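J.: Below: one structure in C-alpha cells.
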Amino acid sequence: MQEIRLELTKNPKQKPTDESKLGFGSIFTDHMFLMNYDEGQGWHDPRIVPFGDICLSPAAMCLHYGQAVFEGMKAYRTAEGKILLFRPDRNMARLNVSNERLCIPKIDEAFAQKAIETLVSVEKDWIPTAEGTSLYIRPFIIAVDPHVGVHPAKHLMFLVICSPVGAYYPEGLDPVKIYVESQYVRAVRGGMGYAKTAGNYAASLKAQDEAEKQDYTQVLWLDGVERKYIEEVGTMNVFFVIGDEIITPALQGSILPGVTRMSAIDILKSWGMKVTERPISIQEVSDAAKDGRLKEAFGTGTAAVISPIGHLKWEDHVMVINNGKIGEISQRLYDTLTGIQWGKLPDTMGWTVEVK
Ligand SMILES: *Cc1c(COP(=O)(O)O)cnc(C)c1O
C-alpha cells in the first residue's frame with residue numbers, strides 16, 4: 001500500500017463549543033485527504049493536508065460535464081470514547097460502482113478505507129460527543145482535465161472532507177411530510193440513478209424546491225417511464241409496511257442502493273419479518289392507505305438513519321400514516337441501527353470498524 005503523507009496544520013481552527021448548534025454540513029475539520037490520478041501513473045500522491053480551497057482550471061471537466069461521484073458516511077463516538085465507522089467497505093464498494101458508471105478509474109477500496117480511517121484518526125478531536133452527533137465524512141472524486149470537450153477524464157482528484165454534524169432528531173423522531181412528484185423524474189433505468197453522482201442531485205433540485213414551497217420536506221420519486229412505481233425519497237430509500245409485509249422498491253438501476261437500506265433489510269429479516277424487494281406502485285400504497293392496511297412508511301439513509309413518513313401527498317390524495325406518529329417498526333429499527341452505530345448494542349452483524 002502507498003504511504004500517506006501527513007502535513008498537519010499550524011493553525012488549528014476553533015472547534016464548535018455548542019454541539020446543539022452543529023447543524024449539517026457547514027463546518028469542516030482542520031484537514032482533508034487528497035490523491036491524484038493521472039493517466040499512465042494511476043492514483044498517486046496520497047496525502048492529508050490542511051483543509052482549504054483547491055485550485056482548478058475554469059475548464060476543469062467536472063465543472064462542465066458533471067463527471068463527479070461521491071459517498072456519504074459517518075464516524076460515531078461511543079460512550080466509552082471509541083470511534084466507529086459503519087460498514088465503510090460498503091461505501092468504498094459503491095464508490096467503485098459509481099466510478100464504473102462514470103468512466104472514472106477505480107480506486108483501491110481497502111486503501112481508500114485506510115485513508116478515511118487515517119483522516120478520521122487525525123481529526124478525532126473533531127468528533128462531537130453529544131447524544132446523536134457524529135462526524136460526517138464526504139469522499140468524492142472529480143475530473144480535473146482542463147478541457148472543454150466531452151470525453152472521460154485522464155486526470156482526476158479523490159478528496160475526503162469531514163464535517164461535525166448535529167443530532168438529526170434532537171427532540172425524538174419526528175415524522176416528515178412527503179410530496180409524491182408526478183411531473184419531474186430523478187433517473188431512468190439505463191441512466192445513472194444507481195450511482196452517487198452529482199448530476200442526479202442537480203436533476204432533483206427543481207422538484208425539491210417546489211415541494212418545500214408547499215411545506216413538504218422531501219419528494220417521493222416515481223419511475224421515469226410510467227410515473228407509476230415508487231423509487232425513493234430525496235436522499236433516502238423508502239419502505240412501506242402494508243399488512244404484515246414490509247416492502248421496499250427493488251433495485252433495478254434507477255435507485256441508489258443505500259447501505260442503510262441493505263442493513264435495514266438484514267435487521268428486519270433477522271427479526272423474522274417478511275421483507276420484500278419488489279416493484280410497488282403508488283396506487284398500491286394509496287389503496288392500502290384507504291383500506292387501513294398501510295401501517296408505516298419510512299425512509300432510510302446515513303444522515304437521518306430512519307425517517308418516519310407521517311403524511312404523503314399524491315396528486316389529490318392525502319395519506320396520513322399511523323396518525324402522523326412514528327410506527328413501532330420504524331422506532332425499533334432506528335433504535336437498533338443507531339444502537340449498533342453508537343456502540344450501545346452488541347454488533348452481532350460485524351458491521352462496525354473501530355478507528356484507533
Ligand atoms: C446516499 C443516498 C441514499 C442513502 O444511502 P445510504 O448509503 O443509506 O446513506 C439514498 N438515496 C440517494 C439518492 C442517495 O444519494
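J.: Please count how many residues of region 187-218 are assigned to a loop (DSSP other than H, G, I, E, B) and either away from the ligand (no atom under 16 Å from the Cβ) or over 16 Å from the mean Cα position of the chain (by Cα) (or both).
T.: 9
J.: For PRO164, state whether it is in a strand (DSSP E or B), within 16 Å of the ligand (Cβ to nearest atom) and in contact with a helix residue (DSSP H, G or I) (Cβ under 7 Å, 6 or more places away or on another chain).
T.: Here the answer is no, as PRO164 does not meet what is asked.
J.: From MET32, MET92, grab the single residue that is part of a strand (DSSP E or B) and either without any contact (Cβ under 8 Å) to a residue 40 or more places away in the chain or within 26 Å of ALA195 (Cβ to Cβ) (or both).
T.: So the residue among MET32, MET92 that is part of a strand (DSSP E or B) and either without any contact (Cβ under 8 Å) to a residue 40 or more places away in the chain or within 26 Å of ALA195 (Cβ to Cβ) (or both) is MET32.
J.: Is there any pair linking a residue in region 266-285 that is touching a residue at least 12 places away in the same chain (Cβ under 8 Å) to one that is assigned to a helix (DSSP H, G or I) and surrounded by 13 or more Cβ atoms within 10 Å (Cβ to Cβ), with Cβ under 6 Å and at least six apart or on different chains, and which?
T.: ILE267/THR336; VAL275/ILE265; VAL275/LEU268
J.: Every residue in region 182-216 that is within 16 Å of GLU315 (Cα to Cα) and either of a type outside the set (Phe, Trp, Tyr) or surrounded by 20 or more Cβ atoms within 10 Å (Cβ to Cβ) (or both), please.
T.: SER182, GLN183, VAL185, ALA207, GLN208, GLU210, ALA211, GLU212, LYS213, GLN214, ASP215, TYR216, listed by residue number.
J.: OK, next. How many residues are more than 12 Å from the ligand (Cβ to nearest atom) and not hydroxyl-bearing (Ser, Thr, Tyr) when one looks only at region 71-91?
T.: So the answer is 10.
J.: In the set VAL225, VAL241, which member is surrounded by fewer than 19 Cβ atoms within 10 Å (Cβ to Cβ), among the aliphatic types (A, V, I, L, M) and away from the ligand (no atom under 13 Å from the Cβ)?
T.: VAL225
J.: Taking region 114-146, which residues are part of a helix (DSSP H, G or I) and either surrounded by fewer than 22 Cβ atoms within 10 Å (Cβ to Cβ) or in contact with an Asp or Glu (Cβ under 6 Å, 6 or more places away or on another chain) (or both)?
T.: LYS114, GLU117, THR118, SER121, VAL122, LYS124, ASP125, TRP126
J.: Kindly provide the set of residues from region 35-76 that are in contact (Cβ under 8 Å) with a residue 40 or more places away in the chain, crowded, with 16+ Cβ neighbours inside 10 Å and in a helix (DSSP H, G or I), ordered by number.
T.: MET61, CYS62, TYR65
J.: Being more than 28 Å from the chain's Cα centre (by Cα), in a loop (DSSP other than H, G, I, E, B) and basic (Lys, Arg), is that true of even one residue in region 1-18?
T.: Checking region 1-18: at least one residue is more than 28 Å from the chain's Cα centre (by Cα), in a loop (DSSP other than H, G, I, E, B) and basic (Lys, Arg).
J.: Take the residues of region 244-256 that are surrounded by 20 or more Cβ atoms within 10 Å (Cβ to Cβ) and touching a residue at least 40 places away in the same chain (Cβ under 8 Å): which is nearest to the chain's Cα centre (by Cα)?
T.: Once the filter is applied, the top-ranked residue is LEU256.
J.: Looking at region 15-73, which of its residues are at pLDDT below 95, more than 30 Å from ALA203 (Cβ to Cβ) and of a type outside the set (D, E, K, R)?
T.: PRO16, THR17, SER20
J.: Quick one: ILE306 ticks every box in (1) buried (at least 21 other Cβ atoms within 10 Å of the Cβ); (2) over 24 Å from ILE255 (Cα atoms); (3) of a type in the set (A, V, I, L, M) except a single one, so which number is it?
T.: Only one criterion in (1) buried (at least 21 other Cβ atoms within 10 Å of the Cβ); (2) over 24 Å from ILE255 (Cα atoms); (3) of a type in the set (A, V, I, L, M) is unmet by ILE306, namely (2).
J.: Read through the list (1) of a type in the set (A, V, I, L, M, F, W, C); (2) more than 7 Å from the ligand (Cβ to nearest atom); (3) surrounded by 23 or more Cβ atoms within 10 Å (Cβ to Cβ), then give the number of the only condition that VAL259 fails.
T.: Checking VAL259 against (1) of a type in the set (A, V, I, L, M, F, W, C); (2) more than 7 Å from the ligand (Cβ to nearest atom); (3) surrounded by 23 or more Cβ atoms within 10 Å (Cβ to Cβ), the one that fails is (2).
J.: For region 126-159, how many residues meet the condition of being aliphatic (A, V, I, L, M), modelled with pLDDT under 95 and touching a Gly at 6+ places or on another chain (Cβ under 9 Å)?
T.: Here the count works out to 1.
J.: Is it fair to say TYR179 is surrounded by 17 or more Cβ atoms within 10 Å (Cβ to Cβ) and either touching a residue at least 60 places away in the same chain (Cβ under 8 Å) or of a type in the set (Asp, Glu) (or both)?
T.: Against the criterion (surrounded by 17 or more Cβ atoms within 10 Å (Cβ to Cβ) and either touching a residue at least 60 places away in the same chain (Cβ under 8 Å) or of a type in the set (Asp, Glu) (or both)), TYR179 qualifies.
The values are calculated or read from the model by the stated rules, or taken from the named source; none is laboratory data. Values in this document were obtained by computation on a predicted structure and should not be read as measured data. Backbone-built Cβ (ideal geometry, glycine too); neighbour counts: all protein chains shown.
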